[in-house]
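Participant: Can you keep this structure in mind? I'll have questions shortly.
The values are calculated or read from the model by the stated rules, or taken from the named source; none is laboratory data. In this text the structure is predicted, and so the values were computed from the model without any measurement. Cβ: placed from backbone, ideal geometry, glycine included. Neighbour counts: every protein chain shown. Accessible surface is based on the protein model in full, side chains and every heavy atom, while ligands, DNA and RNA are left aside. Shrake-Rupley method; radii C 1.70, N 1.55, O 1.52, S 1.80 Å.
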Amino acid sequence: MGFVILDLEFNNMRGISQYFPDIIEDNLDNMMENEIIEIGAVKYDVYMKELEELKCYIKPGIFKVLNPKVKEMTGITEEDLEKGISFSDAMNKLKEFCGTSNTICSWAKDDIAELIINSNYHGYKDINWINKYLDIQEYCTKVLAHKKSLSLKSALEELRIKVEEEKLHDALNDAKYTAEVFKRLYNSRVVKNYVVNDVYNMPAVMIRDFKDVILEDNKTEFKCPRCHIEAEKEHPLKLFSWRFLALGLCPKCKSRLLQEVVIKKSLSGQKIYSNISTIINESDYLNYSYRFKKIG
Ligand SMILES: [Zn+2]
């Protein structure tokens, strides 16, 4: 009934053609974008006492080259990966390490999503042990009363946890730093409310390519957060890179309102909408209006 805090490092191929002109980046579209090359994990009991740690490198199977950017950021070398094990061996190790009763945790949902995406890609089927999950970023952001998702670095700063900069972006160290943050804010009764029991149906993957997304009107909502009544739209929803925005007015309190719609996918492929309406001031409203007109 404890926690396993997990962190992964990836070999991401974006921008690779500047180093290796032979790799045509368009070809990457249908491949997996983030191949896991390192797993770090630390296990804690219910009192957050450290029990055990795990660190392993995975030999890349998709691209044999290591993106120099990844190398620079993580300090992982080709030699490290040469000594690495296969994805399935690493997953077997992780499975054994996690056991069946612990809650798996990570800073933001990306890592758990990538774990499942990588498993699917490699045809690794034995992932039913991934069930109880806690997003420590979501938990800490709420507990520290921030509106925007905190980065691990800013959480460490806010809690005055000493960080050796060069130790960040190592899977095991990041897992440990995540644990330090979690320990400071840990409250077993509150944590319970954040544990997801159905990982596969939570909103986990940000949709990046909106070419094929048709906005479903019945899943969007634009209400004044103060009066809870429907806004009068001035600019209807329009795509701004990764989210849809709309502008309007509250018919009752006359506040200027911004609507944001973010669409995410669950790991089982379902689209999940999140709607946020906020009251904004006049100058922000004018700025947004300008951007709406600019994109036509
Ligand atoms: Zn209102």
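Participant: Determine the sum of side-chain charges near Ser289: Lys and Arg each +1, Asp and Glu each -1, restricted to other residues whose C-beta is under 13 angstrom from that of Ser289.
Facilitator: Working: positive: Lys233, Lys238, Arg256, Arg291, Lys293, Lys294; negative: Glu234, Glu282, Asp284.
Combined, the nearby Lys, Arg, Asp and Glu give +3.
Participant: Here's something else I'd like to know. What's the tally of Lys pairs in region 1-88 whose alpha-carbon atoms lie under 15 angstrom apart, where the two lysines are 8 or more places apart or on different chains?
Facilitator: Values: Lys43/Lys55; Lys55/Lys83; Lys59/Lys71; Lys59/Lys83; Lys64/Lys83.
Number of lysine pairs found: 5.
Participant: Give me the 1.4 Å probe accessible area per residue for the chain, excluding ligands and nucleic acids, in Å². The partial results should precede the final answer.
Facilitator: Numbers: 16420 Å² over 296 residues.
Value returned for the chain: 55 Å² of accessible area per residue.
Participant: Which percentage, to the nearest 5, of the DSSP beta bridges contained in the chain is antiparallel?
Facilitator: On the way: 44 of 52 bridges.
Percent antiparallel among DSSP bridges in the chain is about 85.
Participant: Please state the equivalent ellipsoid semi-axes for the chain: what are the square roots of 5 times the Cα gyration tensor eigenvalues, largest first, in whole Å?
Facilitator: Values: eigenvalues 266, 126, 68 Å².
Working from the Cα gyration tensor, I get semi-axes of 36, 25, 18 Å.
Participant: Please list 45-56, 158-169, 198-209 highest first by mean number of surrounding beta-carbon atoms within 10 Å per residue. Please report the intermediate quantities before stating the final value.
Facilitator: Values: 45-56: 13.7, 158-169: 11.7, 198-209: 15.5.
Per-residue mean Cβ counts within 10 Å order the peptides as 198-209, 45-56, 158-169.
Participant: Oh, and also: Return one number: the angle in degrees, 0 to 90 and rounded to the nearest 10, between the long axis of the Cα atoms of helix 87-98 and the longest principal axis of the Cα atoms of the chain.
Facilitator: On a 0 to 90 degree scale, this one is about 80.
Participant: If Lys and Arg each add +1 and Asp and Glu each add -1, what is the summed charge of the other residues whose beta carbon sits under 14 Å from the beta carbon of Arg226?
Facilitator: Values: positive: Lys223, Lys252, Lys254, Arg256; negative: Glu230.
Charge balance near Arg226 sits at +3.
Participant: May I pose another question? Can you say what percent of the DSSP beta bridges in region 1-108, counting only those with both residues inside, are antiparallel? Round to 5. Mind showing how you got there, number by number?
Facilitator: Values: 17 of 22 bridges.
Antiparallel bridges make up about 75 percent of those DSSP assigns within region 1-108.
Participant: With all protein chains present, how much of the accessible area of the chain (probe radius 1.4 Å) comes from carbon and sulfur, to the nearest whole percent?
Facilitator: Values: 7980 of 16420 Å².
Answer for the chain is 49 percent, counting heavy atoms of protein chains only.
Participant: Eigenvalues of the Cα gyration tensor times 5, then square-rooted: what semi-axes does that give for region 62-169, in whole angstrom, largest first? Can you show the working numbers first?
Facilitator: Values: eigenvalues 145, 96, 30 Å².
Three semi-axes, in Å: 27, 22, 12.
Participant: Determine the percent antiparallel among the DSSP beta bridges restricted to region 25-174, to the nearest 5.
Facilitator: On the way: 7 of 11 bridges.
That works out to approximately 65 percent antiparallel.
Participant: So, one more: Can you tell me the FRET efficiency between Thr278 and Glu158 if r is taken as the Cβ-Cβ distance and R0 is 22 Å, rounded to the nearest 0.05? The partial results should precede the final answer.
Facilitator: Working: r = 23 Å, r/R0 = 1.05.
After rounding, the FRET efficiency stands at 0.45.
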